[in-house]
Amino acid sequence: MSNQIIQGVLLGGYYALIACGLSFMFSVMRIINLAHGSLAVLSAYALWWLASRFHIPPFAGLLIVLPLMAVIGWALQRFLLERSARGGALLPILTTFGLAIVIDNMLFEQFGADTRSLAPFIGSLSYDSWEWPGSIYVGKLAVIMFFAAVVLLGGLQLFLSRTGLGRAIRATSEDPDTAGLVGVDARRANAVAAAIALVTVGLAGAFLGMRATFDPYAGTPQLLFAFEAAVIGGAGSLWGTLIGGIVLALAQTLGAQVHPQGFLIGGHAVFLIVLFVRLSMAGLSLRSLFNPPSRSAS
Amino acid sequence: MSAASPVIERGTATSRIAGVAVAVIIALLAFAPQFLSAGAVDRMTALFIYVILAAMWNALAGFGGLVSVGQQVFFGLGAYFAIRLADAGLNPFLALFASGIIVGAVSWPLSLIMLRLRNGEFAIGMWVIAALTHLLVNLDRLVQGETGTSLISLNVYDASARRLTIYWLALASMTALLAILFGLLRGSTGAAIRAIRDNEDAAASVGVRVTGTKRLLFVLAAFGIGIAGALWLATSITFQPKTYFNVQWTAYMIFMVLVGGIGTFEGAILGAVVFFLIETWFGGAGVWYLVGLGATAVLFSLFLPRGLWGTIEERFGLRLLPVGYRVRLATDVVDPAGNDTQPQHTTTDRETA
């Protein structure tokens, strides 16, 4: 049992990775990017393509893909989100949903329905494990993933609280107009935030490809996992995302023990329970549900 | 600006003609199967179902301000409950409508939680609900997981009689649901609905029951989409959870409403017709067809957020099926230039309920 718990906690690292971009973007721009999961899968495909076509190992491929994701994030904000956000809070949902459909089907068109994985390109890392006391075996990849999540979340936290750009982003997320009055370029801050968010998405996509298989329509479950982890963990800071990811992963692991179909059901169920409890406690106000990490960083 | 008192009107000459035209069209559609081939009857049935989907999603998003990406949950549940009821021995045609009522009933407790979420949280929260419901339906022995099952009891009817009955049921359901929505929008609830659409906080501050009104739209949309799912099941007979709980249904709804004109009664219908034509012509293009739908939805939301009908309405002041009132200054009627360039002016002109 303790073995399952450890595996669950480590899987939570992956969920935290994929959730942090979503909640970061929401906290800054108040937009939930429905193309989030599809973009992660896009990154996984890019790495797969580099590896299978040009024999670039996935970790080296990240040096190409992550800057590319940053550019995509910047362009996404400048050309799509900024424009649609002007039309109210509902339009960005529709725009990003349309984008997700475009990405999913383009991937299908390009790569077909076959499931792919990055595991064949990372050598023994995909199955190597360490033995911990009590004859518990933990996958090296899972541990790397977990620490990548911790480093990424910590790095984001430091960036937001210690650097000028981070402060500008936080100011913009609090109140773009007032931030503009004191000389913060809100457009630039938003574009930078979107670029950062997409770098984290690219990294999450890489780990998705290494730890499991993916296909062109794998984006939807990733989006739902990210959203669930972000909402479950929404109580505190960016670290809440990590806790949310761990809770989600533990619920899924537990669900899988109960019933063969229980993995996903367990995750969704714990999300709804947390949502219900949070809503009953919060009364009518829901502002704190999807907590902006930037606030607590101050 | 003269002191002439403004004229408040609801129907215009065009709208009265349009009202008659609608009645004539529905009557013609009722007799149409006499002259249509079997395949054409099936396609028209699909069109009626699309109109229901578009109108219901528009009621929720365009009027209630609730964008849901999980409406396929009601589509799937509509089909699932119909299967369940028919399996329990209910007449399959009755089961279709009983199923819609059950879906509406299920959506009410769901609304208690979901309506407290806002914007994107609501959108994606509904998606989670749809994913979870899909998994739970898969657990039902009768459905046999993704293998699915069929509405076998429909097979006792002769194929052509069945086709015609489903056609008329779809036509009647569409007409009834559109009439309910139209009546709702024209009545006092309609004033509340439009107030919420335009500014939720302001509406609440003048005493509009925001949550109650939204709940009404949520349940109506669930009921309508449930009926649509059940009707779809009746036309295709087989029930595979993956097909019915697919997010593509919501994608279609979004496409139809965005292209037609979000928040306009006529727009959703126009959008459904446009979607139907595109599907007829390009549906065979497979993946590129879906890419095109997604891209069109993005382009419309970026460059023509009011959709085709919203733009026509604004440009020509045309109103076929008016659900609001409009105020015209009697002496100052003709000022097309000002009308065209000032959106704010048109808003007051548009629907002052």
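The values are calculated or read from the model by the stated rules, or taken from the named source; none is laboratory data. Every value quoted in this text rests on a predicted model; they were computed, and no experiment measured them. Glycine also receives a Cβ, built like all others from the backbone with ideal geometry; neighbour counts cover every protein chain displayed.
Filtering region A:103-124 down to residues that are within 11 Å of another protein chain (Cβ to nearest Cβ) and charged (D, E, K, R), which residue is nearest to the chain's Cα centre (by Cα)? Checking each candidate, the answer is A:104. Every condition in (1) surrounded by 21 or more Cβ atoms within 10 Å (Cβ to Cβ); (2) hydroxyl-bearing (Ser, Thr, Tyr); (3) within 10 Å of chain B (Cβ to nearest Cβ) is met by residue A:241 except one, and the failing one is (3). Scan region B:280-299 for residues that are at pLDDT 90 or above and more than 15 Å from residue A:106 (Cβ to Cβ) and the total you get is 1. The residue of region A:26-48 that is surrounded by the fewest Cβ atoms within 10 Å (Cβ to Cβ), among those that are within 11 Å of another protein chain (Cβ to nearest Cβ) and more than 19 Å from residue A:211 (Cβ to Cβ), is A:30. Selection over region A:164-196 of residues that are of a type in the set (Ser, Thr, Tyr) and free of Cβ contacts under 8 Å to residues at least 40 places away in the same chain gives a count of 1. Does residue A:75 count as at negative phi, within 19 Å of the chain's Cα centre (by Cα) and buried (at least 21 other Cβ atoms within 10 Å of the Cβ)? In short, no.
Out of the residues in region A:15-30 that are over 8 Å from the mean Cα position of the chain (by Cα) and among the aromatic types (Phe, Trp, Tyr), state the one that is nearest to residue A:253 (Cα to Cα). So the residue we want is A:24.
Considering A:149, A:70, A:100, the condition of being within 23 Å of the chain's Cα centre (by Cα), buried (at least 21 other Cβ atoms within 10 Å of the Cβ) and away from chain B (no Cβ under 14 Å) is satisfied by A:149 alone.
Among (1) within 14 Å of chain B (Cβ to nearest Cβ); (2) over 30 Å from residue A:59 (Cα atoms), there is one condition residue A:174 misses while meeting the rest; what is its number? Every condition holds for residue A:174 apart from (1). Scan region B:155-176 and give yes if some residue there is touching a Gly at 6+ places or on another chain (Cβ under 6 Å) and either surrounded by 18 or more Cβ atoms within 10 Å (Cβ to Cβ) or modelled with pLDDT of 85 or more (or both), otherwise no. Scanning region B:155-176 turns up no residue that is touching a Gly at 6+ places or on another chain (Cβ under 6 Å) and either surrounded by 18 or more Cβ atoms within 10 Å (Cβ to Cβ) or modelled with pLDDT of 85 or more (or both).
Residues that are at the interface with chain A (Cβ under 9 Å from one of its Cβ atoms) and crowded, with 24+ Cβ neighbours inside 10 Å were ranked within region B:258-293; the one that is nearest to residue B:323 (Cα to Cα) is B:262.
Filtering region B:62-83 to residues that are part of a helix (DSSP H, G or I) and at pLDDT below 90 leaves B:62, B:63. Looking only at residues in region B:294-317 that are surrounded by fewer than 17 Cβ atoms within 10 Å (Cβ to Cβ) and not aliphatic (A, V, I, L, M), the one that is farthest from the other protein chains (Cβ to nearest Cβ) is B:316. In the set B:209, B:215, only one residue is at pLDDT 90 or above, charged (D, E, K, R) and either within 14 Å of residue B:71 (Cβ to Cβ) or surrounded by fewer than 20 Cβ atoms within 10 Å (Cβ to Cβ) (or both); that residue is B:215. Taking the conditions (1) within 9 Å of chain B (Cβ to nearest Cβ); (2) surrounded by fewer than 22 Cβ atoms within 10 Å (Cβ to Cβ) in turn, residue A:82 satisfies each one other than (1). Just one of B:207, B:229, B:187, B:183 is under 19 Å from residue B:73 (Cα atoms) and out of contact with any Asp or Glu (no Cβ under 9 Å at 6 or more places or on another chain); which is it? The match here is B:229.
For region B:141-173, a residue qualifies if it is without any contact (Cβ under 8 Å) to a residue 60 or more places away in the chain and acidic (Asp, Glu), and exactly one does: B:158.
Filtered by the rule that a residue be out of contact with any strand residue (DSSP E or B) (no Cβ under 9 Å at 6 or more places or on another chain) and surrounded by fewer than 24 Cβ atoms within 10 Å (Cβ to Cβ), region A:1-25 gives A:1, A:4, A:5, A:8, A:9, A:11.
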